[in-house]
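The values are calculated or read from the model by the stated rules, or taken from the named source; none is laboratory data. The structure presented is a predicted model; accordingly, all values stated were derived computationally and were not measured. Cβ placement follows ideal geometry from the backbone for every residue including glycine, while neighbour counts extend to all protein chains displayed. With ligands, DNA and RNA removed, areas are computed over all heavy atoms of the protein, side chains included. Shrake-Rupley method; radii C 1.70, N 1.55, O 1.52, S 1.80 Å.
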Amino acid sequence: MLTLGIETSCDETSVAVIDDKFQIRSNVIISQIDIHQAFGGVVPEIAARNHIENILPVLDEALKKANLTLSQIDQVAATTQPGLPGAVMVGRVFGRSLANALDVPFVAINHLHGHMSSLRLSNPDLQPPMLCLLVSGGHTILYRVNENWETQMLCTTADDAVGEAFDKVARVLGLAYPGGPKISEHADMNLSFKPILNQFPKNTFSYSGLKTAVLNYINREKQKGNPIKLPEICANFQYCAVLQLLIRTREYLQNTGIKTLGICGGVSANRYLREQFQKLCDELGVKLYLPKPELCGDNAAMIASAAVLGIK
Ligand code: KG4
Ligand code: ZN
């Protein structure tokens, strides 16, 4: 049983083939980051046009790498929501047409369920019930996932998503899009961490206050004529951004008594986040699951695996 996955919801065009044992036969990703960097962020119309250009060559390469032909595909899965409307439509229409032409089922996948499935794809022993923290450029959500991979949202952000805050702070600091990895690199250079920011929301995730606190700090330092110390600001922002994820997740782990935690989405690639959550889970006797680094960002293998899992 072979599933072909398609992902075009933001700035990655990706096609993958996986089997029903979650073995990845191929997972081809073309990123448009270079194109959007000139604008400091993803331009929706440009993203959609590039998906149209890329989708057929990416499909051909995915089949070639997997050493398969289209006639061997048993079902087609594509992200149908959420995402940039024009971008998501390319993969959705392409996938549905392909499934029709091959006379195989089409499975509509929620992109967020795709990220969750990257946990199963990376960890064969993962078995819900679990809490799942999804941290990406568009979302910051804590889910409860039951034995059948049915999901229930427990907590979300009141304003910006955590990845969005990384990207916006990076932009103000003159770092290239996407800012998350750059902030992380500069933060890692700060070896003597001293807290200078203080922004901790209660009962929810919230990132616009933290973003404003960073901007105000930068402006104050500039007015005083002080140099902007990238490692210091990045480490402080990252510390506050991760701390509220830790505080909230700790509460939910303790209140529910659930002993398995999964963290997924682009921001789950963050080294400091991984390290801090490992410490939290060790302390609470919770087993922590993370996607392989190459499966944290947007990719089609996770979309195909959501179809195999039947996540709802
Ligand atoms: O899941 P993803 O690829 O796309 C969405 O569905 O949004 O997540 C992209 C986000 C971006 O905001 C990017 O800056 C962030 O993930 N990101 C990181 C790191 N790598 C990617 N944020 C912090 N640290 C990282 N190492
Ligand atoms: Zn994503």
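Considering only region 145-162, how many residues are in contact with a Ser or Thr (Cβ under 6 Å, 6 or more places away or on another chain) and more than 16 Å from ligand 1 (Cβ to nearest atom)?
So the first thing to find is which residues in region 145-162 are in contact with a Ser or Thr (Cβ under 6 Å, 6 or more places away or on another chain), and the list is 145, 157-162.
Cutting the leftovers down to more than 16 Å from ligand 1 (Cβ to nearest atom) gives us 145, 158.
Number satisfying all stated conditions: 2.
Taking region 273-294, which residues are away from ligand 1 (no atom under 11 Å from the Cβ) and open to solvent by less than 30 Å² (accessible area, probe 1.4 Å)? Explain how you work it out, then say what you get.
The first filter runs over region 273-294 and keeps only residues away from ligand 1 (no atom under 11 Å from the Cβ), leaving 275-290, 292, 294.
PHE277, LEU280, CYS281, VAL286, LEU288, TYR289, listed by residue number.
If you check ARG250 against the conditions, is it within 17 Å of VAL135 (Cα to Cα) and more than 16 Å from ligand 1 (Cβ to nearest atom)? Don't jump to the end; show me each part of the working.
Working: within 17 Å of VAL135 (Cα to Cα): yes; more than 16 Å from ligand 1 (Cβ to nearest atom): yes.
Here the answer is yes, as ARG250 does meet what is asked.
Might you check whether a residue that is touching a residue at least 24 places away in the same chain (Cβ under 8 Å), of a type in the set (Val, Ile, Thr) and open to solvent by 40 Å² or more (accessible area, probe 1.4 Å) occurs anywhere in region 195-204?
Yes, that holds for at least one residue.
Quick check on this structure: which one of VAL42, VAL107 is within 18 Å of the chain's Cα centre (by Cα) and surrounded by fewer than 23 Cβ atoms within 10 Å (Cβ to Cβ)? Walk me through it before giving the result.
Details: VAL107 fails: within 18 Å of the chain's Cα centre (by Cα).
It is VAL42.
Please go through region 150-182 and give me each residue that is in contact (Cβ under 8 Å) with a residue 60 or more places away in the chain, small (Gly, Ala, Ser) and touching a Phe, Trp or Tyr at 6+ places or on another chain (Cβ under 8 Å), ordered by number. Spell out the reasoning first.
Filtering region 150-182 down to residues in contact (Cβ under 8 Å) with a residue 60 or more places away in the chain leaves 150-151, 154-155, 162-163, 165-167, 169, 171, 173, 176-178, 180-181.
Among the residues that remain, those that are also small (Gly, Ala, Ser) are: 163, 165, 176, 180.
Once the filter is applied, which keeps residues that are in contact (Cβ under 8 Å) with a residue 60 or more places away in the chain, small (Gly, Ala, Ser) and touching a Phe, Trp or Tyr at 6+ places or on another chain (Cβ under 8 Å), region 150-182 yields ALA165, GLY180.
Would you be able to tell me the number of residues in region 61-83 that are surrounded by 20 or more Cβ atoms within 10 Å (Cβ to Cβ) and either over 27 Å from the mean Cα position of the chain (by Cα) or within 16 Å of ligand 2 (Cβ to nearest atom) (or both)?
Residues meeting the conditions: 5.
Cβ-Cβ distance below 9 Å, separation of 6 or more or different chains: which pairs start in region 253-272 with a residue that is open to solvent by 10 Å² or more (accessible area, probe 1.4 Å) and end on one that is within 16 Å of ligand 2 (Cβ to nearest atom) and modelled with pLDDT under 95?
Close Cβ pairs (under 9 Å, with a partner that is within 16 Å of ligand 2 (Cβ to nearest atom) and modelled with pLDDT under 95) amount to GLY266/PRO178.
Taking GLY174 as meeting all but one of (1) in a loop (DSSP other than H, G, I, E, B); (2) more than 16 Å from ligand 1 (Cβ to nearest atom); (3) more than 22 Å from SER268 (Cα to Cα); (4) open to solvent by less than 70 Å² (accessible area, probe 1.4 Å), write down the number of the exception.
It fails just one condition, (2).
Picking from ILE311, ILE233, ILE228, ILE218, which residue would you name as being more than 12 Å from ligand 1 (Cβ to nearest atom), open to solvent by 40 Å² or more (accessible area, probe 1.4 Å) and at pLDDT below 95? Don't jump to the end; show me each part of the working.
Numbers: ILE311 fails: open to solvent by 40 Å² or more (accessible area, probe 1.4 Å); ILE233 fails: open to solvent by 40 Å² or more (accessible area, probe 1.4 Å); ILE218 fails: open to solvent by 40 Å² or more (accessible area, probe 1.4 Å).
Testing whether each residue is more than 12 Å from ligand 1 (Cβ to nearest atom), open to solvent by 40 Å² or more (accessible area, probe 1.4 Å) and at pLDDT below 95 leaves just ILE228.
Is it fair to say ALA269 is within 12 Å of ligand 1 (Cβ to nearest atom) and at negative phi?
Values: within 12 Å of ligand 1 (Cβ to nearest atom): yes; at negative phi: yes.
So ALA269 passes the test.
Here are the criteria: (1) open to solvent by 60 Å² or more (accessible area, probe 1.4 Å); (2) in contact (Cβ under 8 Å) with a residue 12 or more places away in the chain; (3) among the hydrophobic types (A, V, I, L, M, F, W, C). Tell me which single one LEU191 does not satisfy.
(2)
Going residue by residue through region 112-119, is there one that turns out to be open to solvent by less than 50 Å² (accessible area, probe 1.4 Å), out of contact with any Ser or Thr (no Cβ under 8 Å at 6 or more places or on another chain) and part of a loop (DSSP other than H, G, I, E, B)?
No, the conditions are met nowhere in region 112-119.
If you scan region 146-191, which residues turn out to be over 25 Å from THR212 (Cβ atoms) and of a type in the set (S, T, N, Q)? It would help to see each step written out before you state the result.
Kept after step one, since they are over 25 Å from THR212 (Cβ atoms), are these residues of region 146-191: 146-154, 191.
Matches in region 146-191: ASN146, ASN148, THR151, GLN152.
Can you tell me which residues in region 137-171 are open to solvent by less than 10 Å² (accessible area, probe 1.4 Å), within 13 Å of GLY265 (Cβ to Cβ) and within 16 Å of ligand 2 (Cβ to nearest atom)?
THR140, ILE141, ALA161, VAL162, GLY163, PHE166
Here is a check on your reading of the model: is GLY297 surrounded by 15 or more Cβ atoms within 10 Å (Cβ to Cβ), within 15 Å of ligand 2 (Cβ to nearest atom) and either aromatic (Phe, Trp, Tyr) or at positive phi (or both)?
No: the conditions fail for GLY297.
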